[in-house]
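Starting off with a structure, shown below.
Read the figures in this text as sums done on the coordinates, not as results from a lab. All figures in this text were calculated on a predicted structure; none of them were measured in a lab. Note that each Cβ is placed from the backbone with ideal geometry, even for glycine, and that neighbours are counted across all protein chains shown.
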Amino acid sequence: MRPDDESAAAVRDAFSLLGHEIRLEILLALLEDWHAVYTEPRSYAELMDAVGMRDSGKFNYHLDKLRGVYVREVEDGYVPTAAVTALYRAVLAHRPAEGAAGRTPSEPSPIDSECPQCGAGAVLRYERGFVTVACPDCEAWPGFTYPFPTNGFAGRSADAVARETARRARFHVGLARTGQCPFCAGTTTVDPRLESEAGDDIVEITCDTCTFLVGVDPLSALLRDGRVAAALTDVGIDLERPDWELPAPTTRVESRDPARFALAVEGDAGTATIVVDDSLAVSSVDIDR
C-alpha cells in the first residue's frame, strides 16, 4: 500500500522528532521504569538530571519537540506515550543485536514437516525479516510466509521458529478478520476470493490505515473463531498443527445475493461445514459424522 500525502507527512514528522541525541536520551530516561499506564512521572528536574544537561533552555527546546507525540506532561511531571513504547518494542524486536546473525539461518533449514503437495520434507528460510516454510522439491505448494522478528530466534530451533511463526500469524489473522489491525488497531477490509477458477481460494485482509496485508487460505482465516475451532476439534483435526498441515477445505457457493460460502473440512471423525458471508463472518457451523 502506498501512503497518501497526509500519512507520509505524519510519518516524516514522527521520524524527524527522533533526529537528535538529546531527544533520544530524554525518551530512554522516561522508559527506564516503564509500567504501562502506572508509570510514575519524572519531574522536569529529575529528567534533566537523568539526561545530564545543565542548559535548561536547550533542554526545554528538545523536550518541547517531544511533547504530545512521544511525551505527555501530567500533574507530577512527564511520562512516555504509548506511541514511543510501541516504537521502543519494535526496535528491540528487530534490532541487529550482537550474535543475531548466528541465531538466524543463513541457509534453508530442514524442519519436521512435509510439503502438503508432494510429501517432501519442508525447509525453513529467513529473509528480510520473514520466516518462510517451503518445499525444496516442488513448486506446486506456494508455501507459508510471515514476518517474524529476529529476536524470536533466540533459544529456539528451526522447528520451534516455524511453529511459533505459525501461531503468531494465526493470532494476527484472527484479529484482523474481525475488523482490527493487529499492529495499528485500525479497521481492516476482508476480501474473500472463494470462486477462483484455478482452485486456489484465498482470503486477503488489508488494514485501511497501515501496511498490514495478508493472503491466507479461507480455513486459516477462521481458526480463531471459537465455534470453528470446536467443530474442527470434534471431527478429529489437531489445531496444534501448523496451518499448512491442516486439511484443505472444499468450497462451494451457497448463494450469491447475499453472498454465502460453505467450507467443508474433512477430519478423521467426520466433516465440519462452516458457512460464511462475503466478509468471512461465520453464519453457521455443522458437523456430519
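Put a dot 7 Å past each Cα toward the Cβ at Asp76 and Ser16; how far apart are the dots in nm?
Spacing of the two 7 Å Cα→Cβ label points: 3.6 nm.
Per DSSP helix of 4 or more residues, -39500 (n - 2.57); summed, then divided by the residues of the chain. What does that give at 222 nm, rounded to the nearest 500?
-9500 deg cm²/dmol
I want to check the label-to-label distance for His35 and Ala230. Put each point 7 Å from Cα in the C-beta direction and report it in nm to one decimal.
My value for the distance between the label points is 3.9 nm.
Quote the convex hull volume per residue of segment 1-148, based on C-alpha atoms, as a whole number of Å³.
168 Å³
While we're on this one: How would Ser109, Ser16 line up from fewest to most surrounding beta-carbon atoms within 10 angstrom? Working shown, then result.
Values: Ser109 17, Ser16 10.
Least crowded to most crowded, the residues run Ser16, Ser109.
If you don't mind, there's one more thing I want to ask. Mind checking segment 38-132 for GluC sites (Glu not before Pro) that DSSP puts in a loop (not H, G, I, E or B) and that have at most 15 other Cβ atoms within 10 Å?
The qualifying sites are Glu75, Glu98.
With an 8 Å Cα cut-off and a minimum separation of 6 or more residues, compute the relative contact order for the chain in percent.
Relative contact order, the chain: 9 percent.
If R0 is 22 Å, what FRET efficiency do you get for Val69 and Glu127 from their C-beta distance, rounded to 0.05?
So the FRET efficiency works out to roughly 0.10.
Can you check how the C-alpha radius of gyration of the chain compares to 2.2 N^0.38 Å, as a plain ratio?
Working: Rg = 23.7 Å, N = 289, 2.2 N^0.38 = 18.9 Å.
Dividing the Cα Rg of the chain by 2.2 N^0.38 Å gives 1.25.
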